[in-house]
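Report on the following structure.
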Amino acid sequence: MAKLTEEQKAKRAAARARREALAAEKKDRRDTERRETWAREGTRLTWDEYKAGVPCRGCGEPMYDGLGDWPGLMYLTEEEKRDHEAMEKRFQQLHPDCKSSRWGTSGSRVTHCFLCCPLPPVGPAQIEKLSRIFRSFPSAEERKKDLDAWELTLTCDHVTTFIQHREHTYVRRVVDCPDCQTRRGVVESKRLGPAYTDDGVEAARSEVEQARLVAELTQAKEQLRRQHQRAAATSSRIEELQKQLSPTARGDDIA
Ligand SMILES: [Zn+2]
Ligand SMILES: [Zn+2]
Ligand SMILES: [Zn+2]
């Protein structure tokens, strides 16, 4: 079988990246729509409802059954195995076509579907913990020196910059496109370097502009090189033809 050329390989990789970006965009759109529906219809439980034992509004099952976590599957007694199977069957009945992953609460055995069931509400203790973590974060000004700018090519072919902490080695799969004003899948991403210069000025925009100019310049140089090549080939062809012509037939205007 013939091996793929480098060009063919690159073409295939690009097609795959675009396909994956479009799929991520589609999933993101579905997730957003679901969140909006839940908000509109009040599907999420409030903390008080959750504490009072109101069942999940997505599937009708209890949020917390108090049966304790399952021991490892291999440690189940015969009775527990039967219970486990029954729960499994019930889940399949409730979510025949969801093909989604599941979630459950700690100390509880019932499982919920990521597609149908909103996660339990965040409690006051958790909110307090999160705000403590946020308070310990360095200020926005201090964080700037640790931020990198990335250049992203989106499914709409718009190129945009994205700023995030330097320790991230890749960019999220779907971002907001400022031009389309909608969420778009990321087809290609490239780290540009520090997002802010020493005096805190955003460097990203000018870096993107620079990257674009460099790409354009490379392209123009390549074009010029090919034109030179063609010109050289044409002039040696002219020389060859001139040699073949008899001295009397040689036109003066062919230099
Ligand atoms: Zn549920
Ligand atoms: Zn479901
Ligand atoms: Zn766009």
* Structure fact -> When region 33-56 is checked residue by residue, the ones that are open to solvent by 40 Å² or more (accessible area, probe 1.4 Å), touching a residue at least 24 places away in the same chain (Cβ under 8 Å) and under 30 Å from the mean Cα position of the chain (by Cα) are 34, 44
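Out of 202, 167, report the one residue that is at pLDDT below 80, open to solvent by 70 Å² or more (accessible area, probe 1.4 Å) and of a type outside the set (A, V, I, L, M, F, W, C). Reasoning before the result, please.
Values: 167 fails: at pLDDT below 80.
Only one candidate qualifies: 202.
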* Structure fact -> Restricting attention to region 167-197, the residues that are touching a residue at least 24 places away in the same chain (Cβ under 8 Å) and more than 10 Å from the chain's Cα centre (by Cα) number exactly 9
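The rows are residues; the columns are (1) more than 28 Å from residue 46 (Cα to Cα); (2) within 16 Å of ligand 2 (Cβ to nearest atom).
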site: 116; (1), (2): no, yes
site: 125; (1), (2): no, no
site: 129; (1), (2): no, no
site: 149; (1), (2): yes, no
site: 153; (1), (2): yes, no
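Quick check, is residue 115 under 18 Å from residue 54 (Cβ atoms) and in the same structural domain as residue 32 (by TED's automatic domain parsing)?
Numbers: under 18 Å from residue 54 (Cβ atoms): no; in the same structural domain as residue 32 (by TED's automatic domain parsing): yes.
It is false that residue 115 is under 18 Å from residue 54 (Cβ atoms) and in the same structural domain as residue 32 (by TED's automatic domain parsing).
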* Quick check: anything in region 106-129 under 29 Å from residue 84 (Cβ atoms) and of a type in the set (D, E, K, R)? -> yes
* To do: Return only the number of the condition from (1) within 16 Å of ligand 3 (Cβ to nearest atom); (2) at pLDDT 95 or above; (3) open to solvent by less than 40 Å² (accessible area, probe 1.4 Å) that residue 117 does not satisfy.
  => (1)
* Asked: So, of the residues in region 92-107 that are polar (S, T, N, Q) and either open to solvent by 30 Å² or more (accessible area, probe 1.4 Å) or more than 30 Å from the chain's Cα centre (by Cα) (or both), which turns out to be farthest from ligand 2 (Cβ to nearest atom)?
  -> 106
* Out of (1) assigned to a helix (DSSP H, G or I); (2) more than 14 Å from residue 117 (Cβ to Cβ); (3) over 30 Å from the mean Cα position of the chain (by Cα), what's the single condition that is false for residue 2? -> (1)
* Structure fact -> Flagged in region 1-32 as surrounded by 10 or more Cβ atoms within 10 Å (Cβ to Cβ) and more than 23 Å from residue 172 (Cβ to Cβ), in numbering order, are 4, 8, 9, 10, 11, 12
* **Residue list for region 57-90, filter: closer than 20 Å to residue 106 by Cβ, touching a residue at least 40 places away in the same chain (Cβ under 8 Å) and open to solvent by 50 Å² or more (accessible area, probe 1.4 Å)** => 62, 64, 67, 69
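The values are calculated or read from the model by the stated rules, or taken from the named source; none is laboratory data. Model, not experiment: these values are computed from the prediction. Don't worry about glycine lacking a Cβ; one is built from the backbone with ideal geometry, like all the others, and counts go over all protein chains shown. Accessible surface is based on the protein model in full, side chains and every heavy atom, while ligands, DNA and RNA are left aside. Shrake-Rupley method; radii C 1.70, N 1.55, O 1.52, S 1.80 Å.
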